[in-house]
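Every number here is computed from the coordinates shown, using simple stated rules; none is lab data. Because the structure is predicted, anything quoted here is derived from the model rather than measured. Quick reminder, even Gly has a Cβ in these numbers, built from the backbone with ideal geometry, and neighbours come from all protein chains shown.
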Amino acid sequence: MPTKAELKNKVLAKKVEDASVKAGMSVLELFEQYSKMGGFGSRNLAEALEILEAMCNDKDSVNFLSFTADLIATGLRGVIAQLVATGKFKVLITTCGTLDHDIARALGAKYAFGSFDADDSKLRSIGVSRLGNIFLDSQDYGVLTEKFVHSVLEECSKIKKKWGVRELVEKLAEKLPNDKNSVLKAAHTTRSSVYVPGFVDGAVGTHVFTYSQTHEFAIDPLKDLSELSGVVFEAKRTGALVIGGGISKHHTIWWNQFKGGLDYAVYLTTATEYDGSLSGARTKEAISWNKLKPKALHTTVLGDATITLPLLTAALLSKSR
């Protein structure tokens, strides 16, 4: 039985060090300082890099990338595409808005700097939609994408009349113009699978519905579930980088519970846990649900993903060079 003094020494073993920054330092040097500071969010960010590095270097780990659609309306779209292009994340789980925004941007839609304090009635009167502090031409969201989606569906319906969502997304990605910042194109190139559990909740889902009203065409979401089941059960280990919350996050951890949970998990979130929301739930809560293994490497980083994800991605890419 350890003595109080021994326990105290163990608890106080790792000392906080003062950080030091310098002009022109690399992102990896910055992360080294984060790991020394030990206090507050810097520690979690440093831990996140360590876990992501271990996860991506584990050849037996099938890695999930979960993210919400709002991020694709920002310049973070390019960073997420870079992550996907590494080929380290073979399963992407997101929402229908990701398809909407990614397709629109790939087709040339221009998104503009806006303001959270804008007059939304005035924006509506001039045909501008607001997503947070991003503005976009209302014609670029649904009208632009519908023609493209319907043209792809015309081709798909000649092949077969019922498609899994993942299959259809892959076909849409295949037909997109080349765009290095397209998440869907990057997934197609790396043969990563894109799953959209809330497929009907967005413009592309609605485009499929309108097409089906005059053509024989149907979506089979159960096919996607069968595929995901196979992915999880065939994997020796699994890991996940979860950006934001909602259905994307839940679908990721939900399927991993059936094999005892994730072996690696990094959450990036701004949500609070005190309202019991799934979006705000920390990684450790998932252990109680069998969605994360008790001995998994895991951490939760609190902060805006448009700030934290580029830092983590730059450091991760530097580590892999």
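Summary of values
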quantity: Breaking point among (1) under 29 Å from Lys161 (Cα atoms); (2) surrounded by fewer than 19 Cβ atoms within 10 Å (Cβ to Cβ), for Leu228; calculated: (2)
quantity: Pick from segment 258-303, criterion among the β-branched types (Val, Ile, Thr) and part of a loop (DSSP other than H, G, I, E, B), ranking: surrounded by the most Cβ atoms within 10 Å (Cβ to Cβ); calculated: Thr270
quantity: Residue, farthest from Leu222 (Cα to Cα), within segment 137-150, restricted to residues that are free of Cβ contacts under 8 Å to residues at least 12 places away in the same chain and out of contact with any Gly (no Cβ under 8 Å at 6 or more places or on another chain); calculated: Val143
quantity: Members of segment 86-127 found to be closer than 28 Å to Thr252 by Cβ, part of a loop (DSSP other than H, G, I, E, B) and of a type in the set (Lys, Arg), listed by number; calculated: Lys88, Lys90
quantity: Within segment 41-67, considering residues that are in contact (Cβ under 8 Å) with a residue 60 or more places away in the chain and over 19 Å from the mean Cα position of the chain (by Cα), the one farthest from Leu317 (Cα to Cα); calculated: Gly41
quantity: Qualifying position, being in contact (Cβ under 8 Å) with a residue 12 or more places away in the chain and at positive phi, among Gly24, Gly38, Gly78, Gly97; calculated: Gly38
quantity: Number of the exception - Ile253 against (1) without any contact (Cβ under 8 Å) to a residue 24 or more places away in the chain; (2) under 27 Å from Arg166 (Cβ atoms); (3) of a type outside the set (Lys, Arg); calculated: (1)
quantity: Qualifying positions in segment 41-70 - touching a Ser or Thr at 6+ places or on another chain (Cβ under 6 Å), assigned to a helix (DSSP H, G or I) and within 23 Å of His101 (Cβ to Cβ); calculated: Ala69
